[in-house]
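The numbers here are math on the coordinates, done by the rules we state, and not lab data. The shown structure was predicted, so the numbers you read here are calculated from the model rather than taken from an experiment. Positions of Cβ are backbone-derived with ideal geometry, glycine not excepted, and every protein chain shown enters the neighbour counts.
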Amino acid sequence: MASVVDICNRALQKLGAESITSLTQNTENARACNSCFEFLRDAELRAHPWNFAIKRAQLAADLTPPEFGYNLRYQLPSDYLRLLPSDSFDVNRSADYKIEGKYLLTDLGAPLQIRYIARITDSNQYDALFNELLATRIAMELCEKITQSNTKAQIIRNDYTMAMREARRQNAFETVPVEMQVDTWVTGRL
């Protein structure tokens with residue numbers, strides 16, 4: 001299992017930079033890692049439905065309905081990053097909803113069952129390939145500041161693309177394919 005410092009040190013290793021012992025260490029590398037780690041972690045989590053970051057929740061309707069447009073609003077979980085399709089609530093098909101701030105607005109009744117990408121702060125829960133992807137993303141972010149090398153920056157960008165492909169590919173192997181529902185409009189034309 002990799003700690004946050006391990007992930008950052010992997011990024012620094014890719015850049016040929018000196019490692020750190022903590023994010024609060026009084027060094028330029030530690031400050032640089034500390035300033036971007038949470039931002040990049042959340043961006044990478046939100047960018048793809050990573051199996052380790054998927055959670056389910058049943059939301060109770062909020063006591064205060066929306067001002068207009070919908071009958072109900074539901075407060076999203078505090079670790080919410082992105083909504084995913086679920087058996088009872090499909091974000092890609094018929095559900096009429098809006099995400100506004102920390103609320104999901106809809107006419108669907110309570111309790112609303114959702115699947116979502118969660119902000120996972122415990123790095124011990126990350127997949128090994130996600131760790132590599134995140135380390136490479138951090139290296140890409142810090143490359144110019146630390147190395148001032150366009151060649152190194154291009155190498156890191158290529159490494160990031162390869163790490164992303166492999167991490168997503170392996171994540172997909174652990175996901176059962178979802179059968180697409182065929183719309184009557186399509187079948188009526190056959």
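Miscellaneous remarks
- Structure-derived semi-axes √(5λ) of the Cα gyration tensor in Å - corresponding label in [x] 31, 19, 16; [y] 38, 21, 14; [z] 34, 21, 12: [y]
- Between 0 and 90°, nearest 10: helix 128-147 axis offset from the chain longest Cα axis: 50 degrees
- Highest mean first, the peptides 60-70, 147-157 sorted by other C-beta atoms within 10 Å per residue fall in the order 147-157, 60-70.
- A protection proxy built from the mean count of other Cβ atoms within 10 Å ranks the segments 136-145, 103-112, most packed first, as 136-145, 103-112.
- The C-alpha atoms of the chain define a longest principal axis, and helix 150-173 lies at about 40 degrees to it.
- Free-standing Cys residues across the chain, given no other cysteine C-beta under 4.7 angstrom: 36, 143
- Ellipticity at 222 nm from helices only: DSSP H runs of n ≥ 4 in the chain, each -39500 (n - 2.57), divided by the residue count, give -14000 deg cm²/dmol.
- The base-10 log of I(q)/I(0) for the stretch 51-118, evaluated at q = 0.14, 0.25 Å⁻¹, reads -0.37, -1.19 [Debye formula, identical scatterers on Cα atoms, solvent excluded].
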